[in-house]
Structures are given as structure tokens and as C-alpha cells.
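The values are calculated or read from the model by the stated rules, or taken from the named source; none is laboratory data. Note that the coordinates shown come from a computational prediction; the quantities given were computed from them, not determined experimentally. Cβ sites come from the backbone with ideal geometry, for glycine too, and all protein chains shown count toward neighbours. For the accessible areas, the whole protein counts, side chains as well, though only heavy atoms, and no ligand, DNA or RNA atoms are used. Shrake-Rupley method; radii C 1.70, N 1.55, O 1.52, S 1.80 Å.
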Amino acid sequence: MDFETNVAISAGLMVAAFVLDWPRAIVGVAFGVLGRFLPYATIVVPLGVVLISIGGEFVYPLLGRTESPSLSSFAIGLFSVAATASNLYITIRNLKDRL
């Protein structure tokens, strides 16, 4: 696949992530940008995605967004954070390799 096709797919996944769960998607974008500067990012980014999703499950009840943590909310949050953080990290890496 060409780089442009990958960027289009990543953009579509990011839009879907923002529609499903925008607070965790914003955190995922920030983590994806930060991931570019982390050592061992290919290991740290997936672990961070899971930790951010778990953290959201325990912060959301405190904010009144949900009643209690649930597996379905965790799965949506996991997709939302992964679609933003991982896609942004990979897109930035591929853009750097292309230049």
C-alpha cells in the first residue's frame, strides 16, 4: 500500500475513535505524539494504550460519565486510544522514513 492510502485509513479510524469516545481519543493523540520521542516505543505505545484505557474506566465514574467500569466501555476505550495513539505514532514514523 502507498503511504497516502495508509494515511487515509488512519484518518478514518481516528474519526471513528473520536465519534465513539472523544476524551480518550484526545489522550491517545497526545500519547501518540509523545510516543515518537519515547525509547522502545514499539513496546511502550501498546502498553500505554492499555493503561490509558484502564485509567479511563476508573476516572469516568468519578466524572459522572458512566455508572461503573464495564468490559464494553473498556473495549470501546481500547479501540479509541489504540486507533489514535498507534495510528498517529506509525504515521509519524512512516513519514519520517519517507523523508
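Structure values in brief
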{"item": "Derived scalar couplings ³J(HN,Hα) [the range 7-12; Karplus, 6.51 cos²θ - 1.76 cosθ + 1.60; whole Hz; x for Gly, Pro]", "result": "5, 5, 5, 4, 5, x"}
{"item": "Solvent exposure of the chain as accessible area per residue, Å², 1.4 Å probe", "result": "61"}
{"item": "C-alpha long axis of helix 22-35 to longest principal axis of the chain, angle in °", "result": "40"}
{"item": "Within a Gaussian network of the chain (alpha carbon springs, distance under 10 Å), most fluctuating of P39, P69, P23", "result": "P39"}
{"item": "Loop trypsin sites (Lys or Arg not before Pro), the range 40-99, which have at most 14 other Cβ atoms in a 10 Å radius of their Cβ (DSSP)", "result": "R65"}
{"item": "Simple spin-label estimate for V50 and L63 in nanometres, 7 Å along Cα-Cβ", "result": "2.3"}
{"item": "Using alpha carbons only: equivalent-ellipsoid semi-axes of the chain, gyration tensor based, whole Å", "result": "26, 15, 9"}
{"item": "Over the chain, relative contact order from alpha-carbon pairs under 8 Å, at least 6 apart, %", "result": "43"}
